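Where a number appears in this text, it was derived from the coordinates with a stated rule and is not lab data. No experiment lies behind these values; they were computed from the predicted model shown. Here the Cβ positions follow ideal geometry from the backbone for every residue, glycine too, while neighbour counts run over all protein chains shown.
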Amino acid sequence: MEMKTILKTISLVGIITIGLVGCTTEDSQYSPEQVIQNTLKDSKPVGPYYGEYDMTISNEKMHVKEWIGEDSKRRIEISDEKGKQQSLSVNDGENMTSYDQAQNTAIVMPITDELKDVSQSSPKEQAELLLKAVKDTHDISLKGEEKILDRKTYHLVAKGKGEKTLFGDIEMWVDKENWMVLKTNISTVGGDTQMEYTKIDFDAKISSSKFTLELPKDVKIKKVDSTLKTEQITSEELPTVFKKAYLYFPEKGKFKMVKIEVMDVVDHKELAIEYEKNGVVYFTLSVFPTPKDMGGKAETIPGEKQVKVRGQKGSVLEMNNFRSISWSEKGFNYSIMPTDPNLKVEEILKMVKGMKLVK
């Protein structure tokens, strides 16, 4: 189960300018705009607290228990719908340890600033990211006030405007007292997700021992460096990035490479080359080895079209201001992301025919 988050901070101007529409209920003192602003005004997690919630992701049901302590310490236990524990993760402030009981394996990662952004986001912060992600594609209204766990909440509804978008309709129930999201229903291209708290205790006394994880003596431990290592290289070093030759755009005239970066992404390297033309940033080319388990029919998302790229099966994704052209060829995955708004997809599909092997 993989989850990715996209955005982090919203400025006051960004909050105010979110395109919210809809009317307030007569018995509510807040408009939809004010509810959103209060929900997003504090990016710090609510805590300490103890909570339990049920979650369904694409028909996979699970039950989650969470202990949120001081200094962002936390313990998360995930069980299947029959109550059998599937995984256990503990953040003790220095390391995050994830233990898989079935496999008797554990992954230990040091807590870095980058990992904090991913591992320590609360449902409230996740809602913040989601609301910003849909600000241009959805209309948000205040449907009314309802009770969740005998706590008063605002019921927000985000309706898609009919544009090509990753998300469908979204519902959130936001606690009136502390602005924490207690229930969500989200429709995405990968399936629907529902989350609802079944227990919440904002006055919980949590022992420090909860954030200590004692692993079995025979557990297999894998230590992972959570820092994404990025190295800038020169064009002369391009042939050394991968073990075999790959395609790129050679420099020609005023068409130049202005930045070349190599990133260590868990089990492979990824190359990113930024090109400019006539002194203007033109596009970025990304290259990485095709994963061995990458096969089968890929799911098409809204805004994505299947096309031929250099005679290979590829895709063009256009969603709001984001565009990309991707394909696989002879053991490598390629992706081109235009930066210049005047660079058309049709032009790129012609340009790729002139790509050469790195020598």
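By the scheme Lys and Arg +1, Asp and Glu -1, what is the net charge of all other residues having a beta-carbon under 13 Å from that of Phe211?
Overall, the nearby charge balance is -3.
If you stretched the chain out fully between Glu94 and Asn278, how much longer would it get, using 0.36 nm times the residue separation minus the C-alpha to C-alpha distance?
Extending this stretch completely gives an extra 61.5 nm.
Take each of the peptides 336-342, 280-286, average the number of other beta-carbon atoms within 10 Å over its residues, and list them starting from the highest.
Descending packing order for the listed peptides: 280-286, 336-342.
Could you calculate the contour length gain from Thr234 to Gln194, that is, 0.36 nm times the residue separation minus the distance between their Cα atoms, to one decimal place in nm?
Stretched fully, the Thr234-Gln194 segment lengthens by 9.7 nm.
Can you tell me the FRET efficiency between Asp264 and Glu145 if r is taken as the Cβ-Cβ distance and R0 is 45 Å, rounded to the nearest 0.05? Please report the intermediate quantities before stating the final value.
Numbers: r = 49 Å, r/R0 = 1.09.
Efficiency, from the Cβ-Cβ distance: 0.35.
Set the bar at 28 Å for Cα to Cα. Now go through Lys135/Lys223; Lys143/Lys305; Lys183/Lys305; Lys269/Lys330; Lys256/Lys330 and name every pair that lies beyond it.
Lys135/Lys223; Lys143/Lys305; Lys183/Lys305
Taking amide hydrogens as modeled 1.01 Å from N in the peptide plane, which residues meet the under 5 Å criterion relative to Thr290, leaving out close sequence neighbours?
Placed amide hydrogens put Phe332, Asn333 under 5 Å from Thr290.
Considering only the other residues whose Cβ falls under 12 Å of the Cβ of Ser328, what net charge follows from Lys and Arg at +1 and Asp and Glu at -1?
+2
Determine the gain in length on full extension of the stretch Lys82-Ala245; use 0.36 nm per residue of separation and subtract their C-alpha separation, reporting nm with one decimal.
53.7 nm
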